[in-house]
Amino acid sequence: RIHQSEFHQAASASSSLVELTKITECKGHTKAICAIQFHPRGHEVLSSAKDGTARIFSVATGHELGTMKCEVHDPNGPPPAAIAIDPSKSTIKTKDPRMMKRAPQILVRGCAYGDLEGKTIYTIASGKRGAAYLTKWKSTTLVSLKGGGGGDGQQQQQQLNIRQEYRVQCSPVPISATSLSSDCTIFALGSVEGSILLYNLETKSVLKEFKEVHDLPVTCLASRPIPNALMLPGELEGGVNFDAVSASADNRMGRWTLQRKSRIKPVRAASSSYSRKKGPVEQFVWNMLRIPLLLLLALVMVAIRDVTIVCREEFGMPAVLLDVGAAGHCLYREVLWA
């Protein structure tokens with residue numbers, strides 16, 4: 001059952017009290033509900049449960065508008081063999097109902113609307129063991145049905161016409177948490193083994209799998225609420241856009257991305273060596289040799305100037321090749337000694 005309520009807040013001198021009033025009650029599911037989502041326009045509610053179904057309810061009246069019965073076998077393979085639920089037809093000689101043959105339980109862990117008009121619906125279903133299957137449904141126009149109502153007339157009830165478009169395997173193990181991205185292209189899936197899968201709905205394939213990143217089953221997921229072109233807080237400074245956030249029964253959370261590397265280039269290690277602070281011994285030696293080195297550099301520059309002026313003829317290319325001694329004598333006597 002799904003209850004829709006409104007609350008009224010009453011202010012008092014010491015505290016504020018909230019009074020809840022039930023407006024509608026949606027009946028249909030027979031087992032625990034796993035996921036629920038509003039229609040993009042807000043007039044319907046989509047829910048999935050452990051009874052193997054996903055259902056659509058009217059927000060205004062609470063009436064069930066459509067039911068999707070999920071299956072967890074390969075659509076390209078043979079259908080599963082029928083199992084007798086009647087205990088009298090069971091071949092096991094026992095009166096314990098837990099030992100009798102019965103149909104496997106189908107758990108519809110996730111459901112989501114795949115477009116802004118609410119005509120595309122996705123469900124994720126699996127058994128307690130085995131593979132999980134993603135099913136795409138198409139919802140068409142409402143069909144008016146006559147139902148019983150109070151008073152002299154009959155109440156008009158509406159029913160959605162829902163058909164299955166395709167069913168594919170999305171995980172080899174059961175899925176425990178799901179979340180659809182804002183652009184309806186990537187389905188974030190969390191498995192009972194603690195893995196995170198980013199599933200592409202357009203190509204019907206897994207874009208990236210983070211294998212067993214949690215120690216226990218994933219309990220909840222949240223996909224990216226805005227397109228990648230827009231930045232969430234902290235993403236501009238960090239250089240990484242995250243596509244999903246997960247939480248698990250191991251008391252840990254994780255953020256997952258399809259990016260291979262950060263947009264920010266790392267600082268090279270070589271550049272940091274030039275800014276290394278000198279030690280006390282190095283600083284003392286540098287202070288002692290700094291002035292003599294500067295004087296030596298000045299003398300070398302003066303000597304080069306004098307050579308170009310005084311010994312221009314001796315250091316010319318033909319003269320150097322013919323008489324090296326004359327060039328050395330001029331450098332020693334006329335420049336260095338002088």
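The values are calculated or read from the model by the stated rules, or taken from the named source; none is laboratory data. Here the structure is a predicted model, which means the values were calculated and not measured. Every residue, glycine as well, gets a Cβ built from its backbone with ideal geometry; the counts of neighbours run over all protein chains shown. The protein model used for the area step is the full one, side chains on, heavy atoms only, and it has no ligands, DNA or RNA in it. Shrake-Rupley method; radii C 1.70, N 1.55, O 1.52, S 1.80 Å.
In region 81-88, is there at least one residue being open to solvent by 80 Å² or more (accessible area, probe 1.4 Å), outside any loop (DSSP other than H, G, I, E, B) and modelled with pLDDT under 80? Yes: one or more hits.
Residues of region 223-256 that are open to solvent by less than 30 Å² (accessible area, probe 1.4 Å) and of a type in the set (S, T, N, Q): SER223, ASN241, SER246, SER248. Taken as a whole, the condition of being more than 22 Å from TYR113 (Cα to Cα), at pLDDT below 95, in contact with an Asp or Glu (Cβ under 8 Å, 6 or more places away or on another chain) and surrounded by 10 or more Cβ atoms within 10 Å (Cβ to Cβ) does not apply to ILE2. Scan region 273-323 for residues that are open to solvent by 100 Å² or more (accessible area, probe 1.4 Å), β-branched (Val, Ile, Thr) and modelled with pLDDT under 80 and the total you get is 2.
Identify the residue in region 27-75 that is of a type in the set (Gly, Ala, Ser) and under 14 Å from SER139 (Cα atoms) and, among all such residues, is surrounded by the most Cβ atoms within 10 Å (Cβ to Cβ). Checking each candidate, the answer is ALA54.
Could we say that THR94 is out of contact with any strand residue (DSSP E or B) (no Cβ under 7 Å at 6 or more places or on another chain) and modelled with pLDDT under 90 here? For THR94, the condition - out of contact with any strand residue (DSSP E or B) (no Cβ under 7 Å at 6 or more places or on another chain) and modelled with pLDDT under 90 - is met. Checking each residue in region 212-221 for being loosely packed, with under 14 Cβ neighbours inside 10 Å and closer than 15 Å to TRP256 by Cβ picks out only GLU212. Pairs linking a residue in region 115-139 that is within 10 Å of ILE162 (Cα to Cα) to a residue that is of a type in the set (A, V, I, L, M), with Cβ atoms under 6 Å and 6 or more positions apart or on different chains, are TRP137/MET68; TRP137/ILE121; TRP137/ILE162; SER139/LEU160; SER139/ILE162.
So which residues in region 18-76 are in a loop (DSSP other than H, G, I, E, B), within 30 Å of VAL173 (Cβ to Cβ) and of a type in the set (A, V, I, L, M), if there are any at all? Within region 18-76, ALA32, VAL72 qualify. Report yes if SER58 is among the small types (Gly, Ala, Ser) and either modelled with pLDDT of 90 or more or under 30 Å from SER181 (Cβ atoms) (or both), otherwise no. Against the criterion (among the small types (Gly, Ala, Ser) and either modelled with pLDDT of 90 or more or under 30 Å from SER181 (Cβ atoms) (or both)), SER58 qualifies.
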